[in-house]
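Beneath this line is the structure, given in structure tokens, with notes to follow.
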Amino acid sequence: MIDLKKAFNSVDHTTLLTILRDIFKVNIRLVLVIANFLNDRNILIKLGSFLSRPYKVNRGIGQGTVNGPLLFILFFNDVGKFLHDAFYTAFADDLAIYVSDTDVINGIARLETILCRINNWCSSVGLSINFSKTKLIIFHKPNYKLPPNLFLSCDGNSVELVSSFKYLGVILDDHFSSKLHYEHILSKISANTGVVLRLRKMLNLHMFTLLLNSSVNSYTDYCLSIWGPSRLSDLKNIQNKINELLAIYFYPKIAKFHSKRFWKDHPNADVARNDCVRAHSEIDYYVLLEKCNQFTLTERLQYYTLQNVYKYRSPEPNHSVSALKIMFKLPSPTTARVTRQQNNCETLVHNTAMFENSVKYYSTTLWNSLPSKIKDIVNDPIPKVSFKNSVTEWISYKIVEMTCLRHHNSCSEILLLLIYYYTT
């Protein structure tokens with residue numbers, strides 16, 4: 001992960017305008033408009049009652065402006081020419097480089113060569129790498145022991161080797177387990193649900209749902225399809241926090257079971273425990289979630305994952321992401337059946353738990369479990385039904401099926417429900 005020193009403030013105006021004119025062939029009149037936007041800027045320094053004289057600014061793009069991020073992306077675009085032998089992702093000034101190799105030392109040597117090339121290019125355009133914030137992480141299996149004294153440097157500047165770091169809001173660890181990110185999310189949800197609980201008496205259902213989406217779902221749903229597959233068994237702990245919030249809001253009388261004072265002052269712990277279990281066993285959380293127009297966290301993971309696979313598989317130009325299309329490619333014609341499996345994604349033979357916890361494995365198996373009528377939508381140039389609505393309906397019917405089983409409905413009722421769904 002490469003960090004740049006004051007990236008937006010270091011952009012040279014002349015270099016940027018030359019890039020826009022010569023490389024991107026921007027109309028000269030628009031280039032002059034952008035030049036007018038960038039040039040003749042002054043800053044003043046105020047310290048208490050002291051006000052300095054104006055200083056002319058001849059570098060940098062106005063941070064907080066609408067055009068600032070786009071202009072920086074165009075300015076920084078040439079960095080890809082020096083990364084032809086490595087995978088990389090760039091989001092504004094956040095640049096991550098990926099190198100895979102069976103030999104760790106050889107992989108670090110390749111990274112060092114690439115880093116020096118990037119450093120030279122940055123120097124030529126007026127940017128500089130912040131080596132104190134640039135990090136190296138080596139992803140490996142938990143039982144693999146890294147060689148000692150691994151070292152990455154560039155022009156006398158060393159790069160720190162770390163076991164985890166936050167990239168675009170997601171905490172990545174060297175085993176790809178997402179454990180640290182899950183713990184971070186759980187702590188955030190615990191704190192935010194406590195805030196909502198203190199406000200519950202002043203909230204109607206509409207305001208409660210808005211707070212649930214803004215203070216809880218905004219954390220859990222961010223990149224859920226990336227970190228969720230590796231923490232499937234832990235999602236229930238986050239869901240329990242959400243269920244606790246729903247139960248107390250809709251059934252205020254059980255709030256006492258969630259206070260430390262109740263358990264401390266109650267004379268008989270066994271009686272209190274039985275009362276607590278009885279009160280919560282009578283709550284149907286699916287009904288409460290439906291009142292708030294919510295899916296469970298696991299169901300939302302399924303929803304977002306299927307949406308992503310559909311986008312990658314879609315023939316629409318806007319969804320053309322070649323690297324991701326390869327991840328979810330169709331099986332070869334010699335192995336694929338021409339009926340139900342013709343729209344399945346290709347599954348790889350594997351023998352590791354690490355792969356089973358990966359985004360690719362989870363996404364592929366989930367997509368292949370969809371009914372054929374939903375998977376067929378991806379091949380329809382003008383779909384008669386929305387894929388999003390079809391997936392929502394599919395998940396909803398699974399909820400109804402589980403509800404029937406939980407309430408001991410007859411097998412015939414469940415069978416009729418499933419026949420109706422899969423044949424309509």
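For residues that are among the small types (Gly, Ala, Ser) and more than 22 Å from the chain's Cα centre (by Cα), scanning just segment 52-99, find the one that is surrounded by the fewest Cβ atoms within 10 Å (Cβ to Cβ).
My answer is Gly64.
Considering only strands (runs of 3 or more DSSP E) fully contained in segment 134-253, which possess at least 2 residues that are touching a Phe, Trp or Tyr at 6+ places or on another chain (Cβ under 9 Å) and either of a type in the set (A, V, I, L, M, F, W, C) or open to solvent by 60 Å² or more (accessible area, probe 1.4 Å) (or both)?
Filter on segment 134-253 gives 157-161, 170-173.
Residue-wise test of (1) in contact (Cβ under 8 Å) with a residue 24 or more places away in the chain; (2) under 23 Å from Arg117 (Cα atoms).
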| residue | (1), (2) |
| --- | --- |
| Thr18 | no, yes |
| Ile23 | yes, yes |
| Asn36 | no, no |
| Asn39 | yes, no |
| Ile45 | no, no |
| Lys56 | no, no |
| Pro69 | no, no |
| Phe75 | yes, yes |
| Ala86 | yes, yes |
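Answer yes or no: is there a residue in segment 256-275 that is basic (Lys, Arg), in contact (Cβ under 8 Å) with a residue 40 or more places away in the chain, assigned to a helix (DSSP H, G or I) and open to solvent by 70 Å² or more (accessible area, probe 1.4 Å).
Within segment 256-275, not a single residue is basic (Lys, Arg), in contact (Cβ under 8 Å) with a residue 40 or more places away in the chain, assigned to a helix (DSSP H, G or I) and open to solvent by 70 Å² or more (accessible area, probe 1.4 Å).
Return only the number of the condition from (1) surrounded by 14 or more Cβ atoms within 10 Å (Cβ to Cβ); (2) more than 19 Å from Tyr304 (Cβ to Cβ); (3) modelled with pLDDT under 75; (4) of a type in the set (A, V, I, L, M, F, W, C) that Val349 does not satisfy.
All conditions pass for Val349, except number (1).
The values are calculated or read from the model by the stated rules, or taken from the named source; none is laboratory data. Keep in mind that what you see is a predicted model, and the values were worked out from it rather than measured. Cβ coordinates were reconstructed from backbone atoms using ideal geometry, including for glycine residues, and neighbour counts include every protein chain displayed. Note: areas computed on protein heavy atoms with side chains; ligands, DNA, RNA excluded. Shrake-Rupley method; radii C 1.70, N 1.55, O 1.52, S 1.80 Å.
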